[in-house]
Amino acid sequence: MKSIHDEGYEQRNYRLLHKAKDLRYFHVKIDETDLAIGVDAMSYNDSLISLCRKRVIALRADLENYIALYPEYRTSLVPLEIMPQAPEIAVRMAQAAAQAGVGPMAAVAGAFARSVGELLEEQVKDVIVENGGDIYLNSSQDRIIAIFAGKSCFSYKTGIWVRAAEGPLGICTSSGTVGPSFSLGKADAAVIKAKPAELADAVATQAGNLVQNKNDLIKAIDYAKNINGVSGALLIKDDKLAAWGEIEIMPI
């Protein structure tokens, strides 16, 4: 489970690696929400930064106001009924959580990434929004997404090939060994490709929850592949890796 106050991994050195040369990058940080955003260089202008900041501020306010009325929304580990006055961001998270079988805050990072990414699509050709290891991607060309899996031998050496035709989609990672987010499992990385991005985030959380040791990787794969909207899954624990679906693994 994630909190709106701990969406990402504080030490984000992975952001220094594997940057695409055709993209222009910028960061938007509002309190604990910390987004790394890449857009095609031809479309970039400084106004995009303030545009994204305003969207994040609004999203955070909407979600925090809803949580103030319904505190269980922040803490629940199981799906919750959404109230009629819920803002769109809370509805998206709750719907994804219901599909995945987790609490709604498990989808917060993916939901924020998607909302900002969709806003940018109105002005740019290519967009990547990364939020604590959870990515919203809509690209006119194929991309390789590097996998960070803590101390696993696959970390920084393994990537997945994402084709332009697959977008827009979410590529989200959950870990029980990296970062501050609460996990019931011990996976080094549970990577899910899905539409929408908040679904990828929620399913990654639950897939990671299912992994206590290397023998649980297939169980987590079996769970993920039965969720409508999931197109691929990759699970890593120590020196073992399991994958299913539209996951084309690349060495880097």
Would you pick out the residues in region 161-174 that are in contact with a Phe, Trp or Tyr (Cβ under 8 Å, 6 or more places away or on another chain) and assigned to a loop (DSSP other than H, G, I, E, B)?
Pro168
Give the number of residues within region 226-246 that are more than 13 Å from Lys193 (Cβ to Cβ) and free of Cβ contacts under 8 Å to residues at least 60 places away in the same chain.
3
I'd like the full set of residues that are part of a helix (DSSP H, G or I), among the small types (Gly, Ala, Ser) and over 27 Å from Ala207 (Cα atoms), limited to region 38-96.
Ser47, Ser50, Ala58, Ala61, Ala68
Of the conditions (1) surrounded by fewer than 22 Cβ atoms within 10 Å (Cβ to Cβ); (2) in contact with a strand residue (DSSP E or B) (Cβ under 9 Å, 6 or more places away or on another chain), Gly208 clears all except one; give me its number.
(1)
Pairs, first outside any helix (DSSP H, G or I) and crowded, with 24+ Cβ neighbours inside 10 Å in region 99-120, second modelled with pLDDT under 95 and not polar (S, T, N, Q), C-beta under 8 Å, six or more apart:
Val102/Met1; Gly103/Met1
For region 142-163, name all the residues that are over 15 Å from Ala243 (Cα atoms) and touching an Asp or Glu at 6+ places or on another chain (Cβ under 6 Å).
Gly150, Ser152, Cys153, Arg163
Out of (1) in contact with a helix residue (DSSP H, G or I) (Cβ under 7 Å, 6 or more places away or on another chain); (2) at pLDDT 95 or above; (3) surrounded by 21 or more Cβ atoms within 10 Å (Cβ to Cβ), what's the single condition that is false for Gly176?
(2)
Would you confirm whether or not region 73-96 contains a residue that is crowded, with 20+ Cβ neighbours inside 10 Å, polar (S, T, N, Q) and modelled with pLDDT of 95 or more?
no
Name the one entry in Gly159, Gly185, Gly167 that is in contact (Cβ under 8 Å) with a residue 12 or more places away in the chain, over 13 Å from the mean Cα position of the chain (by Cα) and within 22 Å of Gly101 (Cα to Cα).
Gly185
Residues that are modelled with pLDDT of 95 or more and part of a loop (DSSP other than H, G, I, E, B): does region 143-160 have at least one?
no
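Table: residues versus (1) surrounded by 18 or more Cβ atoms within 10 Å (Cβ to Cβ); (2) modelled with pLDDT of 95 or more.
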| residue | (1), (2) |
| --- | --- |
| Lys2 | yes, no |
| Arg12 | no, no |
| Leu17 | no, no |
| Asp31 | no, no |
| Ala36 | yes, yes |
| Ser43 | no, yes |
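The values are calculated or read from the model by the stated rules, or taken from the named source; none is laboratory data. As the structure is a prediction and not an experimental result, all values here were calculated from the model. Cβ sites come from the backbone with ideal geometry, for glycine too, and all protein chains shown count toward neighbours.
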